[in-house]
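Encoded as structure tokens, the structure appears first; notes follow it.
The values are calculated or read from the model by the stated rules, or taken from the named source; none is laboratory data. Note that the coordinates shown come from a computational prediction; the quantities given were computed from them, not determined experimentally. Methodologically, a virtual Cβ is constructed for each residue, glycine included, from the backbone with ideal geometry; neighbour enumeration extends over all protein chains shown. When the accessible area is computed, the model is the full protein with side chains, heavy atoms only, and any ligands, DNA or RNA have been set aside. Shrake-Rupley method; radii C 1.70, N 1.55, O 1.52, S 1.80 Å.
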Amino acid sequence: MVSELPGEAEPRPGTRDVRGMAWSATVPTPVAAPRLLAFPLAMADELGLDAATLGSPSFLDLMAGNAVPPGATTVATNYGGHQFGHWAGQLGDGRALLLGEAAGRDGRRWEIQLKGAGPTPYSRRADGRAVLRSSLREYVASEAMHALGVPTTRVLSLVATGDAVVRDILYAGDPKPEPGAIVCRVAPSFLRFGHYELPASRGERDLLERLVDHTLRTHFPAMVGPNARADWFAEVARRTGVLMAHWMRVGFVHGVMNTDNLSVLGLTIDYGPFGFLDDADPHWTPNTTDLPGRRYRYAAQPQVAHWNLSALASALAPLFPDAAPLTAGMNAYVEAFQSAQARMWADKLGLAEWREDDAALVSGLFGALQAAEVDFTLFFRTLGGLVAGPVVAGGDGVTPGIAAALADPVAALAPALYDRAKAEREAATLIDWLARYAARLASDPQPADVRRARMDATNPWIVPRNWLLQQAIDAAEQGDTAELQALLDVLQRPYEAQPGAGRFAARRPEWARDRPGCSALSCSS
Ligand code: AMP
Ligand code: MG
């Protein structure tokens with residue numbers, strides 16, 4: 001990016017409008033007493049970093065922003081975005097700094113970025129810093145999503161800065177000092193939809209064109225020739241569709257799906273007030289800032305992604321004399337999402353193939369789970385257990401587990417229930433759904449063990465729920481990272497039942513129902 005696109009080459013303090021430029025040279029602001037809290041061995045290994053390097057003071061200095069790589073131009077990049085449906089103008093890397101690029105062992109190219117390393121020209125009225133709680137959340141979630149098989153930006157380190165950062169957690173007029181931290185993020189690229197929207201909004205056609213061509217050359221080298229740009233947009237759309245199906249599969253709610261938070265590589269990016277469904281409420285959003293409109297609730301994410309892609313298409317329109325390829329790209333999104341979603345729900349329910357009327361089975365399931373307040377993750381794992389075993393003779397697809405659940409759904413689903421009385425009242429709804437499901441299984445050709453394996457490879461045993469993260473944060477803020485490490489270890493193998501780690505795979509405990517950080521999160525980070 002730095003060598004191919006125009007930028008502000010001289011670092012200069014102060015925030016400003018940066019026009020006609022893709023980046024601004026910016027140096028990190030040193031911190032008082034950096035301490036390495038965590039680093040993932042797998043990612044370090046991929047980058048060819050050995051134990052001696054990781055343990056060295058110079059690595060810590062780099063990860064803390066107290067030193068920069070020799071000869072490197074470290075930069076903040078320029079982008080805009082639609083926030084909550086409204087054009088917000090220039091945003092940019094207000095607290096992210098690109099340290100440079102590194103080649104992985106396999107020759108793949110990675111960008112290395114610090115988040116929270118101090119002010120940049122794009123910091124607007126904010127401080128360019130990040131608190132430990134939000135940095136730890138991003139660190140753990142990136143690792144967990146990667147292990148879950150969900151495309152995501154990665155991390156290389158989590159550093160406590162030793163400096164305090166003042167935040168008003170719930171925007172309630174109560175600012176307090178909190179421990180600061182810096183996360184080092186790693187991805188092939190951090191390019192967002194908003195990178196293209198900003199020059200388009202300013203009529204900077206030349207910059208827009210150069211940015212698109214740079215993206216193609218660097219990240220989509222196979223796309224060449226007269227259709228390259230059209231192919232690229234369709235590919236962004238397809239990847240976004242696949243990403244949305246993954247999010248729905250694992251119950252992930254991003255919380256701030258603004259166009260500046262969507263990656264053109266189809267990666268999950270910018271972990272802020274995100275969450276994973278506890279009870280299966282399709283209208284849930286973890287982001288209290290979004291509560292009035294619930295624009296970014298679980299069920300709305302696929303439509304929001306479509307909306308965001310159309311904003312990107314509008315931005316790219318000046319480069320397309322004919323709009324047809326952009327329309328085709330939008331259609332590619334719909335097709336990619338629908339087919340990924342069909343495959344995903346078939347896998348979650350253990351069906352060999354998806355049929356048109358299975359959509360009613362899924363919507364009926366959400367209705368039943370929501371009415372009875374059943375945990376999303378635990379339900380699907382439990383269901384996998386219920387379908388295991390031989391079909392009861394003459395029982396139309398009914399296994400012993402399903403037979404037991406039909407007789408007493410409350411007992412069968414006990415670990416996944418938040419309100420037993422509610423589930424008892426809704427027992428008939430649950431039984432009705434289980435009977436429909438059993439009838440559907442009766443016409444599914446898979447052997448029970450194959451079905452179970454497919455379900456267990458799709459339905460995670462554990463996801464990084466907000467209350468788990470909050471426990472790790474509470475301990476880390478007291479200087480104890482054992483809980484963080486234990487959580488990271490379990491999240492490495494999220495599809496594998498780990499009996500010794502059962503406390504991490506439980507439903508949300510009662511204390512976490514209304515606790516800030518667990519059920520209520522804001523953008524304050
Ligand atoms: P987000 O909603 O976290 O993706 O951030 C939206 C915009 O606000 C981006 O341009 C961020 O760089 C910027 N931003 C968020 N927090 C800070 C901060 N503490 N200091 C400077 N910029 C920030
Ligand atoms: Mg962002």
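Observations
- In this structure, ILE182 does not satisfy being in the same structural domain as ASN66 (by TED's automatic domain parsing), closer than 20 Å to SER525 by Cα and either assigned to a loop (DSSP other than H, G, I, E, B) or among the small types (Gly, Ala, Ser) (or both).
- Of the residues making up the stretch 7-20, not a single one is of a type outside the set (Asp, Glu) and within 26 Å of the chain's Cα centre (by Cα).
- Restricting attention to the stretch 201-218, the residues that are open to solvent by 30 Å² or more (accessible area, probe 1.4 Å) and touching a Ser or Thr at 6+ places or on another chain (Cβ under 9 Å) add up to 1.
- THR268 being within 15 Å of ligand 2 (Cβ to nearest atom), at negative phi and polar (S, T, N, Q): yes
- Test for ALA144: is it open to solvent by less than 10 Å² (accessible area, probe 1.4 Å), over 30 Å from ALA313 (Cβ atoms) and modelled with pLDDT of 95 or more: yes
- Residue match in the stretch 50-62 (condition: more than 21 Å from ALA187 (Cβ to Cβ), in contact with a Phe, Trp or Tyr (Cβ under 8 Å, 6 or more places away or on another chain) and not β-branched (Val, Ile, Thr)): no
- Test: residue in the stretch 38-50 that is more than 19 Å from ALA160 (Cβ to Cβ), within 16 Å of ligand 1 (Cβ to nearest atom) and touching a residue at least 60 places away in the same chain (Cβ under 8 Å): no
- Residues located in the stretch 168-195, provided they are over 30 Å from LEU41 (Cα atoms) and either of a type in the set (S, T, N, Q) or touching a Gly at 6+ places or on another chain (Cβ under 9 Å) (or both): ILE169, PHE193, GLY194, HIS195
- Hey, ASP444 of a type in the set (Asp, Glu) and modelled with pLDDT under 95 or not: yes
- Extreme residue, farthest from GLU197 (Cα to Cα), among residues of the stretch 301-346 that are surrounded by fewer than 16 Cβ atoms within 10 Å (Cβ to Cβ) and β-branched (Val, Ile, Thr): VAL334
- Against the list (1) within 16 Å of ligand 1 (Cβ to nearest atom); (2) open to solvent by less than 40 Å² (accessible area, probe 1.4 Å); (3) more than 12 Å from the chain's Cα centre (by Cα), the condition THR289 fails is (2).
- Some residue of the stretch 149-162 being open to solvent by 10 Å² or more (accessible area, probe 1.4 Å), over 20 Å from VAL68 (Cα atoms), within 16 Å of ligand 2 (Cβ to nearest atom) and in the same structural domain as ALA32 (by TED's automatic domain parsing): yes
Here's the yes/no breakdown for (1) of a type outside the set (Gly, Ala, Ser); (2) open to solvent by less than 30 Å² (accessible area, probe 1.4 Å); (3) under 13 Å from the mean Cα position of the chain (by Cα); (4) away from ligand 1 (no atom under 16 Å from the Cβ):
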| site | (1), (2), (3), (4) |
| --- | --- |
| PRO226 | yes, no, no, yes |
| ASP231 | yes, no, no, yes |
| HIS246 | yes, no, yes, yes |
| GLY266 | no, yes, yes, yes |
| GLY275 | no, yes, yes, no |
| ASP278 | yes, yes, no, yes |
| ARG297 | yes, no, no, yes |
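- Of the residues contained in the stretch 352-369, none is found to be within 20 Å of ILE462 (Cα to Cα) and either part of a loop (DSSP other than H, G, I, E, B) or polar (S, T, N, Q) (or both).
- Here ILE462 meets the list (1) touching a residue at least 60 places away in the same chain (Cβ under 8 Å); (2) more than 22 Å from GLY367 (Cβ to Cβ); (3) assigned to a helix (DSSP H, G or I) almost entirely, failing just condition (3).
- Taking the criterion of being at pLDDT 95 or above and touching a Ser or Thr at 6+ places or on another chain (Cβ under 9 Å), the residues of the stretch 415-441 that qualify are PRO415, ALA416.
- The helices (runs of 4 or more DSSP H) located wholly in the stretch 372-455 that include 2 or more residues which are more than 26 Å from ARG355 (Cβ to Cβ) occupy 400-407, 409-412, 420-425.
- One residue alone among ARG452, ARG508 is buried (at least 17 other Cβ atoms within 10 Å of the Cβ), among the charged types (D, E, K, R) and more than 30 Å from ALA172 (Cβ to Cβ), and that residue is ARG452.
- Which numbered condition ARG239 misses (of (1) more than 16 Å from ligand 2 (Cβ to nearest atom); (2) open to solvent by less than 40 Å² (accessible area, probe 1.4 Å); (3) among the charged types (D, E, K, R)): (2)
- Filtering ASP514, ASP474 for residues that are among the charged types (D, E, K, R) and in a loop (DSSP other than H, G, I, E, B) leaves a single hit, ASP514.
- The condition of being outside the structural domain of ARG154 (by TED's automatic domain parsing) and within 16 Å of ligand 2 (Cβ to nearest atom) holds for only one of THR259, THR285, that being THR259.
- Annotation for the stretch 190-200: at least one member residue is touching a Pro at 6+ places or on another chain (Cβ under 8 Å) and more than 12 Å from ligand 1 (Cβ to nearest atom).
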